[in-house]
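*Asks:* One structure is given below, represented as structure tokens, and several questions about it will come after.
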Amino acid sequence: MDRVLIYGDSGRKAAELLRSEGYTVKTAKEIPAILPSETEADAALFLPSLGEEAVQAAGELARRHIAAIVIGKEPSEGHTGVFFLKCPVSPAVLLQSLSICREMHAHLRALEEENNRLKCAMDDLKLIDHAKCALIRRLGLTEQGAHRLIEKRSMDRRVPKRAIALEILNEYGSDEGCRAKCACSDSDDRKGEQ
């Protein structure tokens with residue numbers, strides 16, 4: 001974390017401390033109408049002079065994966081990812097808080113990326129299952145046969161199974177609720193397919 005924004009009056013001492021520790025610091029007396037994005041800052045420090053507006057802005061920045069520290073305010077609910085520090089704050093506590101925020105936000109970002117990856121994988125599996133169902137209903141294949149057909153086309157053409165599933169659904173269409181109609185009665189077959 002190299003880029004820190006400091007909002008509020010009397011940010012000179014905090015800015016000097018952070019610069020001496022290798023941070024790139026920008027200061028502003030007021031919170032801007034358009035908050036920075038993740039590409040513009042790694043952390044934001046809100047000083048006591050700002051009031052409730054700081055808590056709202058800090059919450060929004062935390063949602064954008066920017067570490068946010070509010071000094072001088074009592075923690076309030078609904079602001080996940082925001083650090084609250086009571087005055088006075090020693091230099092060591094401020095530096096440690098920035099370090100913890102950096103680690104926390106990096107961990108949260110990694111978890112969110114993993115969650116999105118898993119959601120995409122689940123969507124792909126659902127799509128492939130719908131394509132299997134379409135093959136079963138339209139061509140009279142077994143579920144195992146439909147699975148093999150999708151896998152073979154995918155390997156032969158060197159494209160993801162998702163692309164093959166989309167082609168099948170475009171060609172044969174998809175019936176809502178067909179999953180229940182064509183579900184295998186033998187659960188061992190389903191385990192081996194996926």
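The values are calculated or read from the model by the stated rules, or taken from the named source; none is laboratory data. Here the structure is a predicted model, which means the values were calculated and not measured. Note that we place each Cβ from the backbone using ideal geometry, even for glycine, and neighbour counts take in every protein chain shown. Heavy atoms of the whole protein, side chains included, go into the accessibility calculation; ligands, DNA and RNA do not. Shrake-Rupley method; radii C 1.70, N 1.55, O 1.52, S 1.80 Å.
*Asks:* So, in segment 77-126, of the ones that are within 30 Å of residue 165 (Cα to Cα) and among the small types (Gly, Ala, Ser), which residue ends up modelled with the highest pLDDT?
*Replies:* Ranking the qualifying residues of segment 77-126, first place goes to 121.
*Asks:* In addition: Could you check how many residues of segment 31-49 are in contact (Cβ under 8 Å) with a residue 40 or more places away in the chain and surrounded by fewer than 16 Cβ atoms within 10 Å (Cβ to Cβ)?
*Replies:* Going through segment 31-49 one residue at a time, the tally reaches 1.
*Asks:* On to the next question. Any residue that is assigned to a helix (DSSP H, G or I), within 16 Å of the chain's Cα centre (by Cα), of a type outside the set (Val, Ile, Thr) and surrounded by 13 or more Cβ atoms within 10 Å (Cβ to Cβ) - is there at least one of those in segment 153-174?
*Replies:* The answer is no, given that none of the residues of segment 153-174 is assigned to a helix (DSSP H, G or I), within 16 Å of the chain's Cα centre (by Cα), of a type outside the set (Val, Ile, Thr) and surrounded by 13 or more Cβ atoms within 10 Å (Cβ to Cβ).
*Asks:* Next up: When you scan segment 65-75, do you find a residue that is modelled with pLDDT under 85, touching a Phe, Trp or Tyr at 6+ places or on another chain (Cβ under 9 Å), under 18 Å from residue 10 (Cβ atoms) and charged (D, E, K, R), even just one?
*Replies:* Yes, segment 65-75 contains a residue that is modelled with pLDDT under 85, touching a Phe, Trp or Tyr at 6+ places or on another chain (Cβ under 9 Å), under 18 Å from residue 10 (Cβ atoms) and charged (D, E, K, R).
*Asks:* For segment 104-117, state whether one or more residues are over 16 Å from the mean Cα position of the chain (by Cα) and open to solvent by 50 Å² or more (accessible area, probe 1.4 Å).
*Replies:* No, because not a single residue in segment 104-117 is over 16 Å from the mean Cα position of the chain (by Cα) and open to solvent by 50 Å² or more (accessible area, probe 1.4 Å).
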